[in-house]
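Encoded as structure tokens, the structure appears first; notes follow it.
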Amino acid sequence: MEKRLALQMRGITKRFGPVTANNHVDLDVYQGEILAILGENGCGKTTLMNMIAGIYYPDEGQILIGGQEVLIRSPKDAFDHKIGMIHQHFKLVDLFTAAENIVLGLREKEGYNLKQVNARVAAIAEKYGFHLDPTKKIYEMSVSEKQTVEIIKVLYRGADILILDEPTAVLTPQEITRLFDVIRRMKADGKSIIIITHKLNEVLEVSDRVAILRRGEHIATVNTAETSEAELTEMMVGKKISLDIPRSEPENAQPRLVVEGLNLKSPEGVQVLTDISFTANGGEILGIAGIAGSGQRELLESIAGLQPVESGEIIFHNPKKDKPVTFFHKSMKRVEELGREHAFHDRSGKEVSFEGMHRREIRKWVESGDVLFKEDEIIDIRNKNPLEIRELGIRLSFVPEDRLGMGLVGSMGITDNMMLRSYRKGHAGLLDRKPPRELAEQIIRELEVMTPGISTPVRRLSGGNVQKVLVGREIAFAPKVLMAAYPVRGLDIRSSYTIYRLLNRQKDRGVAVIFVGEDLDVLLALCDRIMVMNGGRVTGIVDARSATKEEVGLMMTRTEKREEEGR
Amino acid sequence: MSVADRKENREPLIHLSRRISIPRWKAWGIRLAAVLLGFLFCGLVAFLLIDRLQQNPGKIGQFYMDFLNGAFGSNRKLWKFMKDIAILLCIALALTPAFRMRFWNTGGEGQTLVGALAAIAVTFYLGGKIPEGLLMVLMLLAALAGGALWGLIPAVFRAKWGTNETLFTLMMNYVATYLVSFFLEIWVPNGSGALPRQEHGKMPTIGHDYLLIILIVLALTAALYVYLKYTKHGYEINVVGESVRTAQYVGISDKKVIIRTMILSGALCGLAGYLIGAGLDQSITTESAGGRGFTAIMVSWLGKFNPLAMVLTAALIQLLNQGAAQISKDFDVSGALPSVIVGIILFFIIGSEFFINYEVRFRGHENRREQGAVRK
């Protein structure tokens, strides 16, 4: 069977500052085929497609359509060449109807004769088997219907090459089946469909060929019929690279954070986490692997007290035995409560009782350092907010994924960012900037933060320096548990190794470190154990010293057998 | 021929790019240049509009001197100048904590009016019946509470249900105006709507009539500067304004901060209302705030939400107002001219922010700079 080329990419390269997102990528797309683009997060799939769709402009290389070199500088250019992209995040006007959204931005001579438009939309929908009411408003639509509008929008403009960015990420299994039917019908109509995905089962189910990208490079394009899950995984994750990150043997690992049967629903009611159970030990780095959006962020945020969980336990083991009650316990209500629960003894081993004492006397006694914990504290921190967690005396540090939007205040200098967690200290209403300034100076010195000054807004610093400030602050509080989400994302090699070193030092100090990462090589080299998440579930916890990349990669991508059989 | 050489593919004539940073002297240089250009342009417009200037172009010097004469021409003008700055600044200071929190309180007008109304209501009903000292205190407290209530209502709706505060606070202005009309209808039986000066509860004076008002606002400026910069509350306001997610991350309750800050913002507007109602007019009309609730928004913005800088921006705006009024008197032109002049200058100042935030480059520059990096 003779196949005609629809689109060719020749030597496409795109750089963002020092980062090369795509490196000399060659890719062919034929008419009437479904091509899957497969790769891990950040491998450059979306960037590559954005260059065909006119969102980005390549630094080097050529794009050929029907054998002719073309220049695509805007989405309009792309449409002129009959290319349309359906983005992961829909770009629709909520208050408009489906048809109004579809013709939005078109300059047609016929004007906006909505009757005609509705008829044409309905005709397209019928031709490819969509279910869509052209007069329905977007805000009344389900996610799947919105996606349909986006696809028809592209077809309405006469696109022959359709790019779908992670189209199944937001759909239910039934909707996915329906979408694939539509895609096959479009293919039968001679259109070229490119699907960006990282789900292996879908690739095998729907595509004709698969192009695999890894770290911005095109590894291979293979015929779907001639490949297997294992082969694709290997091409996707690559052979193990020796990274030379030092890893010490955990000493005296004790359970520090125990999560049992955690369930979480998003505000929209979607089940995000299902029955998550694991233990993070002190003196150990627990890695969390998974495709982005598998529930890692929600898991860390629910532990940190930022997301209300539905059910399950988050138990914190506070190593307090024979330690004096400290600053954090100066929330006197809590101290009195623990006193009634017989939680303290004094230095001679006699039980402490606050019976009949005035609060002021209790405070004085506690501050003298003679009130000691009898046992380790075991506290359920589920659905406590970050402040309550701290007031319970739990030193839980969290380096969130969104550094400037959550972990730091971009417009403030380093000093003021150091205060974020500690500004409440002291009794008067005034801020005490001296300790944070000293801490800021210390972090700049020890972590070699490159900054014009201590009060330069952190937003102006480079990604690596921003991260050093954030990690530095979170470590400065001598945490017992340290959670870090993608702490080396976007960082250069040198800064990355600084972060690895800091995490290792925390581990050696006996901290339970939880490291959410995307680079499997790093996870395998740095962590002691790796928990793999997939679709909001734990699909396995492996020993990082003996696990292989393929093993972890498969756990990350394979959809559960149960669901497959159920269909 | 390569595709890049075709005419339609040529790079655009003007490039705009966001500046990452700009030295402070350069930013202020641009602002100063904008003000000067604005004054020059005002002269041009005035020349086109004012007959007397066309007949006698030498009077252009007087035109510019009038800006100074309007404010500093006599002792009386100078005191009025300082008093008006104080009132304007007071409202601007009141709005600033909310603005720092990115809570766009456009309700300064209404909050001020309600403050004044509350104070006048107290003296209307209790004046002469209780000791003067007690009356004064009650009037002040009523004004603060009235303003605070007017700020609290939109804050609660925003915190609990996420309503848009800009529209809400704006609407509350109209409610305040009609509330004043309503009470004037009750208080003034003859229907003229003009409430006579109230004899009781006038704010005490020291030295000059306006001196105490000016001192109060100066003290407030310093206090608010300290509040925003050196207190825990001020810090929380900045965190919430920058990112609600960051606030939640460290356990700051954004709802609590929003409500607390709007109570403060409203109460300070109420204070301005007290200064107007009890300190100056001893009466109230629907125009008692006189649009200053809106002008104050500009004062606060132009001063970059910094109380100390706002003293200068309030002074500049008041200088323009009084200068323009002087011009319309001296040149015998329509009362609309002041608005035109003030508008022109503000247009230039606001426009200059564009050149501070963006860099403008022309086609040729780009080519020279990136020669060699161009596609082959």
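Numbers at a glance
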{"item": "Matching residues, the range B:239-249, being part of a helix (DSSP H, G or I) and facing another protein chain (nearest Cβ under 7 Å)", "result": "B:VAL239, B:GLU242, B:ARG245, B:THR246, B:GLN248, B:TYR249"}
{"item": "Of the criteria (1) modelled with pLDDT under 90; (2) assigned to a loop (DSSP other than H, G, I, E, B), which one A:LEU232 fails", "result": "(2)"}
{"item": "Where a residue in the range A:15-27 is more than 12 Å from A:GLY44 (Cβ to Cβ) and its partner, wherever it lies, is loosely packed, with under 13 Cβ neighbours inside 10 Å and modelled with pLDDT under 75, with Cβ under 6 Å and at least six apart", "result": "none"}
{"item": "Flag for B:ILE216 being at pLDDT 95 or above and either surrounded by fewer than 23 Cβ atoms within 10 Å (Cβ to Cβ) or touching a Lys or Arg at 6+ places or on another chain (Cβ under 6 Å) (or both)", "result": "yes"}
{"item": "Condition met for A:ALA478 (more than 14 Å from chain B (Cβ to nearest Cβ) and either under 30 Å from A:LYS320 (Cβ atoms) or hydroxyl-bearing (Ser, Thr, Tyr) (or both))", "result": "yes"}
{"item": "In the range A:355-375, the residues that are touching a helix residue (DSSP H, G or I) at 6+ places or on another chain (Cβ under 7 Å) and within 14 Å of A:VAL325 (Cα to Cα)", "result": "A:ILE362, A:ARG363, A:VAL366, A:VAL371"}
{"item": "Qualifying position, being among the aliphatic types (A, V, I, L, M), surrounded by fewer than 18 Cβ atoms within 10 Å (Cβ to Cβ), part of a helix (DSSP H, G or I) and out of contact with any His (no Cβ under 8 Å at 6 or more places or on another chain), among A:LEU204, A:LEU179", "result": "A:LEU204"}
{"item": "So B:ILE252, is it in a helix (DSSP H, G or I) and either away from chain A (no Cβ under 12 Å) or modelled with pLDDT under 95 (or both)", "result": "no"}
{"item": "Of residues in the range A:40-73 being among the hydroxyl-bearing types (Ser, Thr, Tyr) and within 23 Å of A:MET235 (Cα to Cα), the one surrounded by the fewest Cβ atoms within 10 Å (Cβ to Cβ)", "result": "A:THR47"}
{"item": "Filter pass, B:ALA267 being free of Cβ contacts under 8 Å to residues at least 40 places away in the same chain and out of contact with any Lys or Arg (no Cβ under 9 Å at 6 or more places or on another chain)", "result": "no"}
{"item": "Hits in the range A:473-514 - residues which are in contact with a strand residue (DSSP E or B) (Cβ under 6 Å, 6 or more places away or on another chain), touching a residue at least 40 places away in the same chain (Cβ under 8 Å) and part of a helix (DSSP H, G or I)", "result": "A:GLU474, A:LEU503, A:LYS507"}
{"item": "Residue in the range A:158-168 that is modelled with pLDDT of 90 or more, in a helix (DSSP H, G or I) and either assigned by TED's automatic domain parsing to the domain that holds A:GLU229 or not aliphatic (A, V, I, L, M) (or both) present", "result": "no"}
{"item": "Single condition A:MET141 does not satisfy, out of (1) surrounded by fewer than 17 Cβ atoms within 10 Å (Cβ to Cβ); (2) touching a residue at least 24 places away in the same chain (Cβ under 8 Å); (3) over 29 Å from A:ASP28 (Cβ atoms)", "result": "(1)"}
{"item": "Criterion (more than 27 Å from A:ASN22 (Cα to Cα) and crowded, with 21+ Cβ neighbours inside 10 Å) met by exactly one of A:GLU284, A:GLU260, A:GLU249", "result": "A:GLU284"}
{"item": "Within the range B:320-345, considering residues that are over 16 Å from B:GLY43 (Cα atoms) and part of a helix (DSSP H, G or I), the one nearest to the chain's Cα centre (by Cα)", "result": "B:GLN322"}
{"item": "Of residues in the range B:13-53 being within 14 Å of chain A (Cβ to nearest Cβ) and free of Cβ contacts under 8 Å to residues at least 24 places away in the same chain, the one nearest to the chain's Cα centre (by Cα)", "result": "B:ARG24"}
{"item": "Listing of helices (runs of 4 or more DSSP H) fully contained in the range A:353-429 that carry 1 or more residues being on the phi < 0 side of the Ramachandran plot and at the interface with chain B (Cβ under 7 Å from one of its Cβ atoms)", "result": "A:386-391"}
{"item": "Sole exception among (1) buried (at least 21 other Cβ atoms within 10 Å of the Cβ); (2) outside any loop (DSSP other than H, G, I, E, B); (3) among the polar types (S, T, N, Q) for B:THR166, by number", "result": "(1)"}
{"item": "Which listed residue is outside the structural domain of B:MET203 (by TED's automatic domain parsing), in a helix (DSSP H, G or I) and surrounded by fewer than 24 Cβ atoms within 10 Å (Cβ to Cβ), from B:LEU138, B:LEU134, B:LEU68", "result": "B:LEU68"}
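To keep it simple, each residue is scored yes or no on (1) in the same structural domain as A:LEU404 (by TED's automatic domain parsing); (2) touching a residue at least 12 places away in the same chain (Cβ under 8 Å); (3) among the hydrophobic types (A, V, I, L, M, F, W, C); (4) surrounded by fewer than 18 Cβ atoms within 10 Å (Cβ to Cβ).
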site	(1), (2), (3), (4)
A:ASN417	yes, yes, no, no
A:LEU430	yes, no, yes, yes
A:ILE444	yes, yes, yes, no
A:GLU448	yes, yes, no, yes
A:ILE454	yes, yes, yes, yes
A:GLY463	yes, yes, no, yes
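Residue-by-condition table, conditions (1) in a helix (DSSP H, G or I); (2) within 14 Å of another protein chain (Cβ to nearest Cβ):
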position: B:ILE186; (1), (2): yes, no
position: B:PRO189; (1), (2): no, no
position: B:GLY207; (1), (2): no, no
position: B:ALA223; (1), (2): yes, yes
position: B:ILE237; (1), (2): yes, yes
position: B:LYS256; (1), (2): yes, yes
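Every residue, every condition in (1) within 25 Å of the chain's Cα centre (by Cα); (2) more than 19 Å from B:LEU228 (Cβ to Cβ), yes or no:
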{"residue": "A:VAL399", "(1), (2)": "yes, yes"}
{"residue": "A:VAL409", "(1), (2)": "yes, no"}
{"residue": "A:SER422", "(1), (2)": "no, yes"}
{"residue": "A:LYS425", "(1), (2)": "no, yes"}
{"residue": "A:GLU446", "(1), (2)": "no, yes"}
{"residue": "A:VAL449", "(1), (2)": "no, yes"}
{"residue": "A:PRO457", "(1), (2)": "no, no"}
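The values are calculated or read from the model by the stated rules, or taken from the named source; none is laboratory data. Everything quoted here is computed from the prediction, not taken from an experiment. All Cβ positions, glycine included, derive from the backbone under ideal geometry; neighbour counts span all protein chains shown.
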